[in-house]
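Chemist: Please find one structure pasted underneath; my questions will follow.
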Amino acid sequence: MKKKLIEVALPLEAINKAAAREKSIRHGHPSTLHLWWARRPLAAARAVIFAQMVDDPSSHPDLFPTEKKQEKERQRLFRIIEDLVLWENTTNEKVLQAARDEIWQSWRYTCAENADHPRAKELFDRHVLPAFHDPFAGGGALPLEAQRLGLESYASDLNPVAVLINKAMIEIPPRFAGKPPVNPEAQRQKAQMDKGWKGAQGLAEDVRYYGQWMRDEAEKRIGHLYPKVAVTAEMALERPDLKPYVGQKLTVIAWLWARTVKSPNPAFSNVDVPLASTFMLSTKVGKEAWVEPVIEGGSYRFTVKVGKPKDAEGAKNGTKLARANFACLMSGAPVSGDYIKAEGKAGRMGARLMAVVAEGTRGRVYLAPTPEHETAALGANPNWKPEGDIPTRMTGGNCTPYGLTTWGDLFTPRQLVALVTFSDLVAEVRERVKRDAIKVGMTDDGQAPSKASAGATAYADAVGVYLAETVSKLTSYHCSLGIWRANMDKSGRAFGRQAIPMVWDYPECNPFAGAGGDLEGAVGDAAKVILSLGSNQLGHAFQSPAQGQIARVLAGPAVISTDPPYYDNVGYADLSDFFYVWLRRSMRLVYPELFATLAVPKAEELVASPYRHGSKENAERFFLDGMTQAMHQLNNYAHLAYPVTIYY
């Protein structure tokens with residue numbers, strides 16, 4: 001077969017530059033739809049798939065007889081790649097079509113060359129490009145970029161969370177491409193409805209509209225749990241910076257909590273002392289703020305100070321000594337990691353409100369806790385919480401030694417009430433969308449999107465998929481493993497790394513405040529992502545282990561590009577249970593087969609985990625046998641005209 005461009009040369013500098021820049025891009029990037037670990041950069045995926053499908057000029061000596069002419073043509077192809085990898089050109093049809101034209105031209109050369117092949121009709125139809133398949137689809141970058149380049153794209157993964165992400169990215173948008181929105185607001189605006197709806201614009205508009213309805217309805221039901229904070233003249237006596245806000249009620253962005261345990265000092269054994277990794281609230285130059293504990297008699301309270309702290313080191317370190325060891329706030333006695341673990345396992349670990357973060361006219365306003373705000377948090381009574389045990393052995397850190405042993409333990413009561421409310425509203429949205437879709441004339445066959453339907457029920461469920469993904473994404477902000485970024489004055493999600501480590505102080509975000517963890521913002525992110533997706537070709541996402549008989553799902557041999565797991569690096573099945581328990585609550589009626597199990601399947605995950613297989617030797621054997629089988633599968637159904645590309 002002819003040598004492809006990727007086998008000779010690539011404009012690596014341009015690809016690397018574009019891939020690095022992607023890390024700072026948020027609006028419309030697929031990574032903002034839902035968290036997945038170790039996504040491939042879209043720029044690299046697009047470039048690799050293009051280069052593995054386009055002939056290198058040296059393969060056509062009749063057209064480019066000299067090395068000089070071959071290099072000139074190669075540089076022309078490089079310029080196509082250099083344009084192709086730019087984020088600004090992600091949906092630029094002119095740039096994308098130029099790349100597609102090159103892929104088709106190379107394909108037609110290949111078909112002509114193989115006209116006498118015994119399976120020419122099946123393998124070398126000049127009118128039909130081979131399909132694309134990624135058997136370790138994960139976050140979906142490779143299937144998405146193959147689809148964008150004009151290939152019918154297949155994505156498979158063992159993990160249901162990954163499969164649902166891929167359905168949202170490559171399967172659903174093409175099915176409803178070109179359709180107008182069904183929501184009543186859009187229907188009332190005739191001029192808007194008369195315009196042409198390109199791609200998945202109509203779907204994006206409905207996700208935005210019904211997501212806003214969901215947000216507003218949730219606030220009606222649980223908004224009382226997120227009270228505003230009143231700034232009084234008394235508060236401003238010691239804080240001149242608060243004078244402009246006296247008499248106002250400010251929207252709270254987050255409540256900052258520290259975990260507590262009983263003091264190990266017998267003299268203060270009745271006091272729940274804070275395990276604060278820092279007292280700094282803001283480290284921005286000129287806007288510093290910190291928590292200052294005030295010991296009164298046999299107890300303590302927290303106040304908030306602004307400006308540079310006199311004891312900078314003490315404010316920076318909080319009560320933390322080293323690693324998981326702290327100092328008793330009351331006596332200075334050490335609080336050992338072993339003592340904290342024992343208290344946590346006995347169910348005696350609590351939490352204390354350290355500060356309230358509100359939105360001011362020129363940035364964040366940090367305030368001391370008030371009884372009203374502590375009462376609001378404690379008044380939340382969830383009627384459901386996720387079950388299932390957190391794996392006790394996990395790469396990168398684990399919270400289970402401290403008594404947080406189930407997925408439900410990772411959420412405060414107020415967080416659970418919010419997430420359960422959002423999750424329940426997804427089902428209500430689906431019914432509302434279905435009713436509105438039928439009202440505007442969309443036929444209904446009663447089939448879910450899993451049946452490849454494009455009727456009213458399937459459309460309602462499709463909108464529900466994006467909103468369920470949004471709720472699932474928010475769980476990483478609305479849990480007690482999130483963090484407060486003092487250098488940025490904002491909340492940060494859990495999973496700063498690929499692990500579930502213990503977090504000692506955490507923010508409780510306000511989902512209605514327009515800041516980190518905000519529902520409206522997350523819905524907006526989802527709508528922007530939909531607009532950036534390819535919808536010109538069909539896509540298919542399905543659950544299957546890579547070592548399984550995947551070929552039976554494909555119509556024929558496929559172009560293969562994939563990023564397989566890295567031996568014993570990360571067990572994504574363990575991590576993704578965090579999201580799975582919430583997605584299952586929202587989506588098990590829409591995709592019953594995908595969410596049939598109580599947890600993510602783990603036995604077939606191709607990771608060398610000794611704790612799953614009894615020993616390091618057994619784990620290694622499982623991984624090598626499984627990966628060998630998967631590579632054999634790839635070899636069996638890879639199209640013979642194209643090299644297989646594997647990321648490592």
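Chemist: Quick check on this structure: which one of Ser472, Ser476, Ser453 is surrounded by fewer than 24 Cβ atoms within 10 Å (Cβ to Cβ), among the hydroxyl-bearing types (Ser, Thr, Tyr) and out of contact with any Lys or Arg (no Cβ under 6 Å at 6 or more places or on another chain)?
Modeler: On the way: Ser472 fails: surrounded by fewer than 24 Cβ atoms within 10 Å (Cβ to Cβ); Ser476 fails: out of contact with any Lys or Arg (no Cβ under 6 Å at 6 or more places or on another chain).
One residue alone meets the criteria, Ser453.
Chemist: For Gly139, indicate whether it is assigned to a loop (DSSP other than H, G, I, E, B), open to solvent by less than 10 Å² (accessible area, probe 1.4 Å), touching a helix residue (DSSP H, G or I) at 6+ places or on another chain (Cβ under 9 Å) and in contact (Cβ under 8 Å) with a residue 60 or more places away in the chain.
Modeler: Details: assigned to a loop (DSSP other than H, G, I, E, B): yes; open to solvent by less than 10 Å² (accessible area, probe 1.4 Å): yes; touching a helix residue (DSSP H, G or I) at 6+ places or on another chain (Cβ under 9 Å): yes; in contact (Cβ under 8 Å) with a residue 60 or more places away in the chain: yes.
Criteria met by Gly139.
Chemist: Another question, if that's okay. I'd like to verify a number: residues in the range 242-256 that are more than 29 Å from Pro511 (Cβ to Cβ) and buried (at least 18 other Cβ atoms within 10 Å of the Cβ), how many? It would help to see each step written out before you state the result.
Modeler: Just the residues of the range 242-256 that are more than 29 Å from Pro511 (Cβ to Cβ), to begin with: 243.
Now restrict to residues that are buried (at least 18 other Cβ atoms within 10 Å of the Cβ): none.
Final tally of qualifying residues: 0.
Chemist: For the range 241-272, which residues satisfy the criterion of being aliphatic (A, V, I, L, M) and part of a loop (DSSP other than H, G, I, E, B)?
Modeler: Within the range 241-272, the subset aliphatic (A, V, I, L, M) is 242, 246, 250, 252-254, 256, 258, 261, 267, 271.
Hits for the range 241-272 are Val246, Val271.
Chemist: Being touching a residue at least 40 places away in the same chain (Cβ under 8 Å), surrounded by 22 or more Cβ atoms within 10 Å (Cβ to Cβ) and outside any helix (DSSP H, G or I): is that true of Glu508 here?
Modeler: Values: touching a residue at least 40 places away in the same chain (Cβ under 8 Å): yes; surrounded by 22 or more Cβ atoms within 10 Å (Cβ to Cβ): yes; outside any helix (DSSP H, G or I): yes.
Yes: the conditions hold for Glu508.
Chemist: State yes or no: is Lys94 within 23 Å of Gly28 (Cα to Cα), open to solvent by 80 Å² or more (accessible area, probe 1.4 Å), assigned to a helix (DSSP H, G or I) and of a type outside the set (Asp, Glu)? Walk me through how you get there before you give the answer.
Modeler: Values: within 23 Å of Gly28 (Cα to Cα): yes; open to solvent by 80 Å² or more (accessible area, probe 1.4 Å): yes; assigned to a helix (DSSP H, G or I): yes; of a type outside the set (Asp, Glu): yes.
Yes.
Condition check ((1) of a type in the set (S, T, N, Q); (2) within 29 Å of Leu237 (Cβ to Cβ); (3) within 30 Å of the chain's Cα centre (by Cα); (4) open to solvent by less than 40 Å² (accessible area, probe 1.4 Å)) across all residues:
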| site | (1), (2), (3), (4) |
| --- | --- |
| Gly314 | no, yes, no, yes |
| Pro334 | no, no, no, no |
| Met354 | no, yes, yes, yes |
| Pro371 | no, yes, no, no |
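Chemist: A further question on this structure: Within the range 111-119, is even one residue surrounded by 15 or more Cβ atoms within 10 Å (Cβ to Cβ) and not in a loop (DSSP other than H, G, I, E, B)?
Modeler: yes
Chemist: Another question, then. Might you check whether a residue that is open to solvent by less than 50 Å² (accessible area, probe 1.4 Å), of a type in the set (A, V, I, L, M) and touching a helix residue (DSSP H, G or I) at 6+ places or on another chain (Cβ under 6 Å) occurs anywhere in the range 485-498? Explain how you work it out, then say what you get.
Modeler: Here is the first cut: in the range 485-498, the ones open to solvent by less than 50 Å² (accessible area, probe 1.4 Å) are 486, 489, 491-492, 494-495.
Pick out the ones that are also of a type in the set (A, V, I, L, M) and you get 486, 494.
Right, trim to touching a helix residue (DSSP H, G or I) at 6+ places or on another chain (Cβ under 6 Å) and you get none.
Within the range 485-498 (the criterion being open to solvent by less than 50 Å² (accessible area, probe 1.4 Å), of a type in the set (A, V, I, L, M) and touching a helix residue (DSSP H, G or I) at 6+ places or on another chain (Cβ under 6 Å)), the answer is no, since none of the residues qualifies.
Chemist: Let me ask something else about it. Within the range 494-502, is even one residue more than 18 Å from the chain's Cα centre (by Cα), within 30 Å of Ala276 (Cβ to Cβ) and among the basic types (Lys, Arg)?
Modeler: No, because not a single residue in the range 494-502 is more than 18 Å from the chain's Cα centre (by Cα), within 30 Å of Ala276 (Cβ to Cβ) and among the basic types (Lys, Arg).
Chemist: Would you mind stating whether Glu73 is under 23 Å from Gln147 (Cβ atoms), of a type in the set (Asp, Glu) and open to solvent by 20 Å² or more (accessible area, probe 1.4 Å)?
Modeler: Numbers: under 23 Å from Gln147 (Cβ atoms): no; of a type in the set (Asp, Glu): yes; open to solvent by 20 Å² or more (accessible area, probe 1.4 Å): yes.
Judged against the criteria, Glu73 is not a match.
Chemist: Could you identify the single residue in Arg208, Arg259, Arg239 that is closer than 22 Å to Ala526 by Cβ, open to solvent by 10 Å² or more (accessible area, probe 1.4 Å) and touching a residue at least 40 places away in the same chain (Cβ under 8 Å)?
Modeler: Working: Arg259 fails: closer than 22 Å to Ala526 by Cβ; Arg239 fails: closer than 22 Å to Ala526 by Cβ.
Every option except Arg208 fails the conditions.
Chemist: Name, by its number, the condition in (1) closer than 23 Å to Tyr209 by Cα; (2) among the charged types (D, E, K, R); (3) open to solvent by less than 20 Å² (accessible area, probe 1.4 Å) that does not hold for Arg414.
Modeler: Condition not satisfied by Arg414: (1).
Chemist: For Asp436, all conditions in the list (1) touching a residue at least 24 places away in the same chain (Cβ under 8 Å); (2) within 30 Å of Tyr572 (Cα to Cα); (3) not aliphatic (A, V, I, L, M) hold save one; what is the number of the exception?
Modeler: Only one criterion in (1) touching a residue at least 24 places away in the same chain (Cβ under 8 Å); (2) within 30 Å of Tyr572 (Cα to Cα); (3) not aliphatic (A, V, I, L, M) is unmet by Asp436, namely (2).
For every residue, the table says whether it meets (1) part of a loop (DSSP other than H, G, I, E, B); (2) touching a residue at least 60 places away in the same chain (Cβ under 8 Å); (3) under 14 Å from Leu367 (Cα atoms).
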position	(1), (2), (3)
Gly196	yes, no, no
Gly202	no, no, no
Gln212	no, yes, no
Glu234	no, no, yes
Pro274	no, yes, no
Lys284	yes, yes, no
Glu292	no, no, yes
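Chemist: While we're looking at this one, here's another question. Is the range 420-431 home to any residue that is of a type in the set (Val, Ile, Thr), under 25 Å from Gly524 (Cα atoms), in contact with a Pro (Cβ under 7 Å, 6 or more places away or on another chain) and surrounded by 20 or more Cβ atoms within 10 Å (Cβ to Cβ)?
Modeler: Step one: of the range 420-431, the residues of a type in the set (Val, Ile, Thr) are 420-421, 426, 429.
Going one step further and asking which of them are under 25 Å from Gly524 (Cα atoms), we end up with 420-421, 426, 429.
Adding the requirement that they be in contact with a Pro (Cβ under 7 Å, 6 or more places away or on another chain) leaves 420.
Those still in the list that are surrounded by 20 or more Cβ atoms within 10 Å (Cβ to Cβ) too: 420.
Yes: one or more hits.
Chemist: Same structure, new question: Tell me which residues, restricted to the range 344-368, are of a type in the set (A, V, I, L, M, F, W, C), assigned to a loop (DSSP other than H, G, I, E, B) and within 17 Å of Ala324 (Cβ to Cβ).
Modeler: Taking the range 344-368 as the starting set, the residues that turn out to be of a type in the set (A, V, I, L, M, F, W, C) are 346, 349, 351, 353-358, 365, 367-368.
Those still in the list that are assigned to a loop (DSSP other than H, G, I, E, B) too: 346, 349, 368.
The answer is Ala346, Met349.
Chemist: Among (1) over 21 Å from the mean Cα position of the chain (by Cα); (2) closer than 20 Å to Trp37 by Cβ; (3) crowded, with 20+ Cβ neighbours inside 10 Å, there is one condition Arg393 misses while meeting the rest; what is its number?
Modeler: Here Arg393 meets the rest and fails (3).
Chemist: Just name the residue that is modelled with the lowest pLDDT out of those in the range 1-42 that are farther than 30 Å from His639 by Cα and β-branched (Val, Ile, Thr).
Modeler: The extreme case among them is Ile25.
Chemist: Just checking, which of Ala146, Ala155 is assigned to a helix (DSSP H, G or I) and either at pLDDT 95 or above or open to solvent by 10 Å² or more (accessible area, probe 1.4 Å) (or both)?
Modeler: Numbers: Ala155 fails: assigned to a helix (DSSP H, G or I).
Testing whether each residue is assigned to a helix (DSSP H, G or I) and either at pLDDT 95 or above or open to solvent by 10 Å² or more (accessible area, probe 1.4 Å) (or both) leaves just Ala146.
Chemist: Checking Gly178 against (1) open to solvent by 60 Å² or more (accessible area, probe 1.4 Å); (2) modelled with pLDDT under 95, which test does it fail?
Modeler: (1)
Chemist: Can you tell me how many residues within the range 116-138 are within 24 Å of Glu93 (Cα to Cα) and not charged (D, E, K, R)?
Modeler: 7
Chemist: As an exercise: evaluate Asn270 against (1) open to solvent by 70 Å² or more (accessible area, probe 1.4 Å); (2) under 26 Å from Gly516 (Cα atoms) and give the number of the one condition it does not meet.
Modeler: The failed condition is (2).
Chemist: Pairs needed: first member in the range 299-326, part of a strand (DSSP E or B); second member anywhere, among the polar types (S, T, N, Q); C-beta distance under 7 Å; at least 6 residues apart or different chains.
Modeler: Lys320/Ser277; Asn325/Ser336; Phe326/Thr319
Chemist: So, in the range 580-633, how many residues would count as being aliphatic (A, V, I, L, M), open to solvent by 80 Å² or more (accessible area, probe 1.4 Å) and part of a helix (DSSP H, G or I)?
Modeler: Result for the range 580-633: 1.
Chemist: Please specify each residue of the range 211-221 satisfying the condition of being within 24 Å of Gly482 (Cα to Cα) and surrounded by fewer than 18 Cβ atoms within 10 Å (Cβ to Cβ).
Modeler: Glu219
Chemist: Kindly indicate which of Ala376, Ala380 is closer than 25 Å to Leu250 by Cα, assigned to a loop (DSSP other than H, G, I, E, B) and out of contact with any Asp or Glu (no Cβ under 9 Å at 6 or more places or on another chain). Step through it out loud before you land on a result.
Modeler: Numbers: Ala376 fails: assigned to a loop (DSSP other than H, G, I, E, B).
The match here is Ala380.
The values are calculated or read from the model by the stated rules, or taken from the named source; none is laboratory data. These figures come from a predicted structure and were not determined experimentally. Neighbour counts run over all protein chains shown; Cβ positions are idealised from the backbone, glycine included. These area figures cover heavy atoms from the full protein model, side chains too; ligands, DNA and RNA do not enter into them. Shrake-Rupley method; radii C 1.70, N 1.55, O 1.52, S 1.80 Å.
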